[in-house]
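Quick note: the coordinates plus some simple rules give every number you see, no bench work behind them. Everything numeric here is computed off the predicted structure, so don't read it as measured data. Neighbour counts are summed over all protein chains in view; Cβ atoms, including those assigned to glycine, are modelled from backbone coordinates with ideal geometry.
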Amino acid sequence: MASYNKYTNGVDALVKAINAGTDSYKVALTNTVNASDTTFTAGTSDLATGNGYTAGGNAATVSSASTSSGTFKLVLNSPSTWTATGAVGPFRYAILYDSTTNNPLGYWDYGSSISLANTDTFTVTLDGTNGVFTVA
């Protein structure tokens, strides 16, 4: 059987073609996830605006986007903390999406629904070392 060998420069060209390092990203909270979704719609794909949450979620800015040995890694800064000013939720998932193109990229499953009461806070902590995704 023949083995596959990638062109290292091809990975870099691929992620630059979709502007992975310069697009804007957000993390949004939701109680349902459809893994086959191809478009994120603020207020429909996530919670509605209210009580300290804004539909569309919080920005997760690019910390670094680099290619090394043919592997692209995107590191994002964690979005700011949500502070409830009334009841927020329930939500079970945090969705990462490219807010420039509205493409969902992945999600975190917290295992069960979470509800915030007035003054409760919630933060999605992103991996500052390994990044949110790699393309090899």
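Each of Ser63 and Thr101 was given a label point 7 Å from its Cα along the Cα-to-Cβ line. The distance between the two points is 2.3 nm.
Divided by 2.2 N^0.38 Å, where N counts the residues, the Cα radius of gyration of the range 4-73 comes to 1.46.
Residues whose amide H falls under 5 Å from that of Leu74, counting only those 5 or more places apart or on a different chain, are Val132, Phe133, with hydrogens built in the peptide plane. The H on the amide N of Ala87, modeled in the peptide plane, is under 5 Å from the matching H of Asn118, each at least 5 residues off or on a different chain.
Backbone phi angles across the range 78-84, fed through the Karplus curve with coefficients 6.51, -1.76 and 1.60 (θ = phi - 60°), yield HN-Hα couplings of 4, x, 5, 6, 8, 10, 6 Hz in residue order; Gly and Pro are listed as x. Using the rule -39500 (n - 2.57) for each DSSP H run of four or more residues, divided by the residues of the chain, the 222 nm mean residue ellipticity is -2000 deg cm²/dmol.
Need the C-alpha centroid separation for the range 90-114 versus the range 16-57, integer Å. Value for the Cα centre distance between the two parts: 7 Å. Helix 8-17: angle to the longest alpha-carbon principal axis of the chain, degrees 0 to 90, nearest 10? Taking the Cα atoms of the chain, the angle to 8-17 is about 40 degrees.
Annotation: average projected area of the chain is 9.5 square nanometres, based on the convex hull of Cα atoms across all directions.
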